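The values are calculated or read from the model by the stated rules, or taken from the named source; none is laboratory data. All of these numbers come straight from a predicted model, not from anything done at the bench. Cβ coordinates were reconstructed from backbone atoms using ideal geometry, including for glycine residues, and neighbour counts include every protein chain displayed.
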Amino acid sequence: MNLSTDRHDKTDLGLTWRNTFAELGDDFYTRVSPQPLPDPYWVAHSTSLARELGLTPSWQQSDEWLQALSGNRAVAGTEPLASVYSGHQFGVWAGQLGDGRAILLGQTASGLELQLKGAGLTPYSRMADGRAVLRSSVREFLCSEAMHGLQIPTTRALCVTGSDAPVYRETAETAAVLTRLAPSFVRFGHFEHFSARAQVEQLRALADYVIDQHYPQCRGAESPGGKAYAALLQAVSERTAKLLAQWQAIGFCHGVMNTDNMSILGLTIDYGPFQFLDAYQPGHICNHSDTQGRYAFNRQPNVAYWNLFCLAQALLPLIEEQSLAMAALEPFKTMFPQELERQMRAKLGLTDSTAPNDRLLIEDILSLLARSGIDYTIFWRRLSHSVGSGDVTPVRDLFLEPAGFDGWWLRYAQRIGAQSRQQLSQAMLRANPKFVLRNHLAELAIQGAKRQDFAALASLLEVLQAPFDEHPEFEHYADFPPDWAHSIEISCSS
């Protein structure tokens, strides 16, 4: 394995680079060069993210960009590295992990870190090949941009490049490299790594780095010593609470909420066996590998708190007082339910004021959806339209036994009263997307990509980046899932 970054075929992409993470020192990473991907080709691009980075449209046709983002040419000004971290996986301490197939090139001038995922072996690949397959790369690319379109904090994806080089998972597949960006890829597991090894100075350096780079408000004169680190923990708890409320409101299942898959910035990260709910089933398990149902949809908030507790344990050598650490976790317990209720009220258009029975309205409609297994996204979108049109039939028709819904609708109609129904409908349409990345839609895009037909992928990306718009030309992306969708199995290899 070539760990050297001294490669002569460097290319200048015209970007200004820095790498503040590299300044932490060798205890935090290994310098490692991406491994070349044979005969790469473009699979997908995010034009919107490219614009945010200030890239000119010609980059999509550039062979220099293609080769650089496939790992075939070193990029001038970058310091490629793979970071080390540890973590709990499925609730069990897994020890040392790390970037097993992701290589950080550096930070762009906009402050976003750029990683190549699937760029080859690193010291943390743990007997694996360091590669990503086309299937998983397309899924992460689409879902990263879909979540951004839904206004949910997430890592972003700039592009995917593919190759006919074989990669072996359950079966032989083809290789791909995903270029993804985020303000930081630091995870809970980075802190767990140094805490578990009693490397307190490294733990402090990492915490100081995260505070200085991303949470400067925690470094107040009124917060000396361990209080700054407690403030960091509280800030992470608050961001995580808001993120989980957004997941639950939109119907998103992460599938593998290990502590090494939890972002210190409260971002959705590491898209593997994810799923957006089709039928509303609170106990739904989207990860075929999750035989115990640890990461079922309705368990996600509790798992998030458990993971935050692990982060608190890791930071305890810096916070010093356990009472301070536990107090820093408390905001999650209050903020999550408050934020989830706010999100659900927005889905119902109840943003004018708070009425005593609003919470019961929310609980009752979710109970009705669960009892009948109603399609989650379609229900909320139809409800949004029905409020404006006055015709509730399209919503009522979703229920095989509509009597329960009829009673609920009467209470709901009384609650919204004489408000302008058109304005209310428009507000609800901005809270209830028409399009989400359902598993069967991703699968159709993947099958096309395997044939090097990227039309379905490109059109799907278009609607996912603006999921609240109508897109009448893509109405089929908002249909009920076909019967074969229920047979799709996604696992940790996805």
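Return the total of residues in region 284-321 being buried (at least 20 other Cβ atoms within 10 Å of the Cβ), in contact with a strand residue (DSSP E or B) (Cβ under 7 Å, 6 or more places away or on another chain) and outside any helix (DSSP H, G or I). Residues flagged as buried (at least 20 other Cβ atoms within 10 Å of the Cβ), in contact with a strand residue (DSSP E or B) (Cβ under 7 Å, 6 or more places away or on another chain) and outside any helix (DSSP H, G or I) within region 284-321 amount to 3.
Of the helices (runs of 4 or more DSSP H) lying entirely inside region 322-405, those containing at least 3 residues that are exposed (fewer than 14 other Cβ atoms within 10 Å of the Cβ) and out of contact with any strand residue (DSSP E or B) (no Cβ under 6 Å at 6 or more places or on another chain) span 322-347, 358-372. Restricted to region 259-283, and to residues there that are outside any loop (DSSP other than H, G, I, E, B) and hydrophobic (A, V, I, L, M, F, W, C), the residue that is surrounded by the most Cβ atoms within 10 Å (Cβ to Cβ) is Phe276.
Results for (1) in contact with a Leu (Cβ under 6 Å, 6 or more places away or on another chain); (2) crowded, with 22+ Cβ neighbours inside 10 Å, shown as yes or no for each residue.
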{"residue": "Val92", "(1), (2)": "no, no"}
{"residue": "Ala128", "(1), (2)": "no, no"}
{"residue": "Arg131", "(1), (2)": "no, yes"}
{"residue": "Ser137", "(1), (2)": "yes, yes"}
{"residue": "Leu142", "(1), (2)": "yes, yes"}
{"residue": "Gln151", "(1), (2)": "no, no"}
{"residue": "Tyr168", "(1), (2)": "no, no"}
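Of all residues in region 425-477, those satisfying the criterion of being aromatic (Phe, Trp, Tyr) and touching a helix residue (DSSP H, G or I) at 6+ places or on another chain (Cβ under 6 Å) are Phe435, Phe474, Tyr477. Residue pairs whose Cβ atoms lie under 6 Å apart, sitting 6 or more positions apart in sequence or on different chains, and linking a residue in region 233-258 that is free of Cβ contacts under 8 Å to residues at least 60 places away in the same chain to a partner that is surrounded by fewer than 21 Cβ atoms within 10 Å (Cβ to Cβ) and aliphatic (A, V, I, L, M), are Met257/Val303. Inspect region 322-330 for any residue being under 20 Å from Ala431 (Cα atoms) and in contact with a Phe, Trp or Tyr (Cβ under 9 Å, 6 or more places away or on another chain) and give the result as yes or no. No, region 322-330 contains no residue that is under 20 Å from Ala431 (Cα atoms) and in contact with a Phe, Trp or Tyr (Cβ under 9 Å, 6 or more places away or on another chain).
Just one of (1) free of Cβ contacts under 8 Å to residues at least 60 places away in the same chain; (2) in contact with a Lys or Arg (Cβ under 9 Å, 6 or more places away or on another chain) fails for Ser372. It is (2). Just checking, how many residues over region 15-40 are surrounded by 14 or more Cβ atoms within 10 Å (Cβ to Cβ), out of contact with any Asp or Glu (no Cβ under 6 Å at 6 or more places or on another chain) and not in a helix (DSSP H, G or I)? Qualifying residue count, region 15-40: 14. Determine, yes or no, whether Ala245 is touching a Gly at 6+ places or on another chain (Cβ under 9 Å) and either farther than 25 Å from Ala128 by Cβ or at pLDDT 95 or above (or both). In short, no. Here Glu201 meets each of (1) assigned by TED's automatic domain parsing to the domain that holds Tyr85; (2) closer than 25 Å to His88 by Cα with one exception, condition (1).
Look through region 81-100, keep the residues that are out of contact with any strand residue (DSSP E or B) (no Cβ under 9 Å at 6 or more places or on another chain) and assigned to a loop (DSSP other than H, G, I, E, B), and return whichever of them is nearest to Ile269 (Cα to Cα).
Residues of region 81-100 out of contact with any strand residue (DSSP E or B) (no Cβ under 9 Å at 6 or more places or on another chain): 89-92.
From what's left, assigned to a loop (DSSP other than H, G, I, E, B): 90-91.
Numbers: Phe90: 16, Gly91: 18 Å.
Among them, the one singled out is Phe90.
Pairs linking a residue in region 469-494 that is without any contact (Cβ under 8 Å) to a residue 40 or more places away in the chain to a residue that is of a type in the set (Ser, Thr, Tyr), with Cβ atoms under 7 Å and 6 or more positions apart or on different chains, are Phe474/Ser459.
When every residue of region 100-123 is checked against the conditions, at least one turns out to be basic (Lys, Arg), assigned by TED's automatic domain parsing to the domain that holds Asp164 and closer than 30 Å to Phe309 by Cβ. For region 43-67, the set of residues classified as surrounded by 14 or more Cβ atoms within 10 Å (Cβ to Cβ), farther than 19 Å from Thr11 by Cα and without any contact (Cβ under 8 Å) to a residue 40 or more places away in the chain consists of Thr47 only.
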